[in-house]
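Chemist: Here you go, one structure.
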Amino acid sequence: MNHPAITLPRLTSLARQAVPRLLEGVVAPLAVFYAALAVLGLTGALIAAVSWVYLGVAWRLVRGIRVPATMFLAAIAVTVRALVGFWTGSWVVYFIQPELGTICISMAFLASVRLNRPLVQKLTLDYIHLPSAVLKHERMRRFFARITLLWAFVLLANSTVSIWLALHQSLGTFMLLRTSAVAVISGCAIAFSIFAFKRVLGRLHVASA
């Protein structure tokens, strides 16, 4: 039986699509919060964190750009976190809230694999476009299932480390050690994910040749 050839995107093209969104959605909010914390204190940092997310949503709406569902969820989440942080006046509560949510997300990742709807695939499509022929290929389906399992345990490990540090360390130590630990764990997982993604794309290219 003849199969249609699979047109594979270049990794450089995928990176150009994904990196700006990751910088805006992950790196920049942390930088804004930490910078505001150093200059304005906890209250100013909470206001800055909320403002950054809503400015991102407003900028897209004004320019007529589609707002990703993940950004709306992030806006709701950061609003709730900030309100609780204002109410308690505790940085520990502010930082533990998302970690508890992350643990729930890791459980959702595990459940999505069981339901044959790996969440990593859905999240990937928010950042990059993959041809339908690629997504339907059995190797790609296995890849997304395995990477979803990997990230379920990565998220759980990051949250466990973060909660322990928040409960046992000062704010300065927490920020330093938590950022370092999450960077190492996530960095290794990202490197492996990219390597595995490149490998599966290469195999699909050979199979379609």
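Chemist: Can you compute log10 of I(q)/I(0) for the range 59-168 with the Debye formula, treating each Cα as one identical point scatterer, at q = 0.10, 0.18 Å⁻¹?
Modeler: Here log10 of I(q) over I(0) equals -0.41, -1.01.
Chemist: Right, here's the next one. Just subtract the alpha-carbon distance of ASN116 and SER132 from 0.36 nm times their residue separation and send over the number in nm, one decimal.
Modeler: Answer, rounded to one decimal: 4.1 nm.
Chemist: Next question, about the same structure. Please give, to one decimal in nm, the separation of the simple spin-label points placed at ALA157 and ALA38, each 7 Å out from Cα toward the Cβ.
Modeler: That separation, rounded to one decimal, is 2.9 nm.
Chemist: Indicate the gyration tensor shape class of the range 145-194 (rounded, prolate or oblate), computed on the Cα atoms with a ≥ b ≥ c the square roots of the eigenvalues: a/c under 1.5 is rounded; otherwise a/b larger than b/c is prolate and the rest oblate.
Modeler: Oblate, because a/c is 1.5 or more while a/b does not exceed b/c.
Chemist: Here is a follow-up. Please work out the FRET efficiency for the pair VAL92 and ARG142, using the Cβ-Cβ distance as r and a Förster radius of 35 Å; give the result to the nearest 0.05.
Modeler: For R0 = 35 Å, the calculated efficiency reads 0.30.
Chemist: Applying 1/(1 + (r/R0)^6) with R0 = 35 Å to the Cβ-Cβ distance of THR173 and LYS198, what FRET efficiency is obtained, to the nearest 0.05?
Modeler: Efficiency at R0 = 35 Å is approximately 0.40.
Chemist: If you don't mind, another one. Give the peptides 152-165, 111-124 in descending order of average Cβ contacts within 10 Å, highest first.
Modeler: So the peptides 152-165, 111-124, ranked by packing, come out 152-165, 111-124.
Chemist: In addition: Just to be sure I understand the model, the point goes 7 Å from the Cα along the line to the Cβ. What's the resulting VAL67 to VAL84 distance in nm?
Modeler: 2.2 nm
Chemist: Estimate the FRET efficiency between TRP59 and MET107 by the formula 1/(1 + (r/R0)^6), using the beta-carbon distance for r and 30 Å for R0, to the nearest 0.05.
Modeler: In this case the efficiency is close to 0.35.
Chemist: Compute the signed sum of charges (Lys and Arg +1, Asp and Glu -1) over the other residues within less than 14 Å, Cβ to Cβ, of VAL92.
Modeler: Around VAL92, the surrounding residues sum to +1.
Quick note: the coordinates plus some simple rules give every number you see, no bench work behind them. These numbers were taken from a predicted model, which means no experiment stands behind them. In this analysis, Cβ positions are derived from the backbone assuming ideal geometry, glycine residues included, and neighbour counts consider all displayed protein chains.
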